[in-house]
Amino acid sequence: MKEQEFLKDMEQWLKLQVTTNEMAVTESRRLWEEEKDEMARDAWIRYESRLDAYTFLLGKFLSFHQGKSFHDLPDEFLGKKYY
């Protein structure tokens, strides 16, 4: 029971982190492009890296809900490119 509650809370937290970091990436990129603020460029890189990590972990939850193993790749993983 505790494990299921933990997993549910973790998934919700990850979704919040993805949303937050998506907004941060957008705003820091905008600041970099409009004002050439070096701190914004560095923040953009950090937020994008975090977003990649959180998205990866959310993919593991998706696999879990689909009954897949932790080490299984998401469907069509090899056919997609992410930049």
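Data table
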| item | result |
| --- | --- |
| Residue satisfying condition, being at pLDDT below 95 and surrounded by 13 or more Cβ atoms within 10 Å (Cβ to Cβ), within set 36, 15, 60, 80 | 60 |
| Scan of the stretch 18-33 for residues that are under 30 Å from residue 63 (Cα atoms), open to solvent by 80 Å² or more (accessible area, probe 1.4 Å) and touching a residue at least 12 places away in the same chain (Cβ under 8 Å), ordered by number | 22 |
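The values are calculated or read from the model by the stated rules, or taken from the named source; none is laboratory data. Nothing here was measured: the structure is a model prediction, and the numbers come from that model. Cβ sites come from the backbone with ideal geometry, for glycine too, and all protein chains shown count toward neighbours. Note: accessible area is taken over every heavy atom of the protein model, side chains too, but ligands, DNA and RNA are not part of it. Shrake-Rupley method; radii C 1.70, N 1.55, O 1.52, S 1.80 Å.
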